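Working notes for the structure below.
The values are calculated or read from the model by the stated rules, or taken from the named source; none is laboratory data. Since this is a predicted model, take the numbers as computed values, not measurements. When we count neighbours, we look across all protein chains shown, and the Cβ atoms used for this are built from the backbone with ideal geometry, even at glycine. Note: accessible area is taken over every heavy atom of the protein model, side chains too, but ligands, DNA and RNA are not part of it. Shrake-Rupley method; radii C 1.70, N 1.55, O 1.52, S 1.80 Å.
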Amino acid sequence: GMEKPLWMVCLTHMFMEVFLLMQVAIIPTYIREFKLSFLEASLVATVPGLVQLIMNIPAGFLADQFNTRHLLFTSMVIEGLSALLVSQTSNFWTLVLAVSVMRVSSPIYHTSGLSHITRLVKREQTSKLISFHNALGSLGSAIGGISLAIFLSTKGWRWTYLFWAVPILTWGFIILRSSQLGTKIFEKRETEKGGRLPRLSIIFSAGLFT
């Protein structure tokens, strides 16, 4: 069976991707509610992606300084708190800020989570684990989209963010209390013999563009 740390990383990925499809599907709702111009709507859609792209570099430096548990906890707290901020936003600028801060969590997660997977499993099992990891991410995206549809037809879109903020923040603190994820990502670099470049290619292909 899969080790507990691997399950924890993969479940974190599920929570990480909850808002991925939702952020695109909800753009028309933002346009109506905040009376956005086409330029403002395009900024809401693109600025978060640029923030995520820029954050990929410092996320790598953070990975050298902090252990996996702290980085996964940080990614969940950023995502959860920014979801709360989105749910309370009342204008264009706070909306852009909130959805952009939310995307900061993704590079922090992917750098630490994927590296943790590739370090814990044998090379021949890595592709299988990455596939499972990605499948849970897709599940999170699908569940997020379904929840948005439900709340849009009942209580309103803001409740979607409130609803998911609670389990995301709760999961973050569960990770923080866990003793299973207590190592730095690259602290065993010296003991690894070969295979680092293939593993890095798997990390980039699985995590850079999600």
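A few remarks follow.
- ³J(HN,Hα) computed for each position of region 55-71 - Karplus, 6.51 cos²θ - 1.76 cosθ + 1.60, integer Hz, glycine/proline x: 6, 4, 6, x, 4, x, 5, 4, 4, 6, 9, 10, 7, 4, 4, 5, 6
- C-alpha center-to-center spacing [region 109-146, region 6-66] in angstrom: 18 Å
- Apportionment of accessible area to carbon and sulfur, region 1-80, percent (1.4 Å): 73 percent
- Amide N proximity, region 74-103 versus residue 159 label position 7 Å along Cα-to-Cβ, cut-off under 20 Å: 83-90
- Two-decimal Rg to Rh for region 81-130 - Kirkwood Rh, Cα set: 1.29
- Cα point-scatterer Debye curve for region 22-143, base-10 log of I(q)/I(0) at q = 0.13, 0.21 Å⁻¹: -0.61, -1.21
- Here the Karplus relation 6.51 cos²θ - 1.76 cosθ + 1.60, evaluated at θ = phi - 60°, turns the backbone of region 13-26 into coupling constants of 4, 4, 5, 4, 9, 4, 8, 4, 6, 4, 5, 7, 5, 8 Hz, with x for every Gly and Pro.
- For the set 92, 173, the ranking by accessible area, highest first and with no ligand, DNA or RNA atoms included, is 173, 92 under a 1.4 Å probe.
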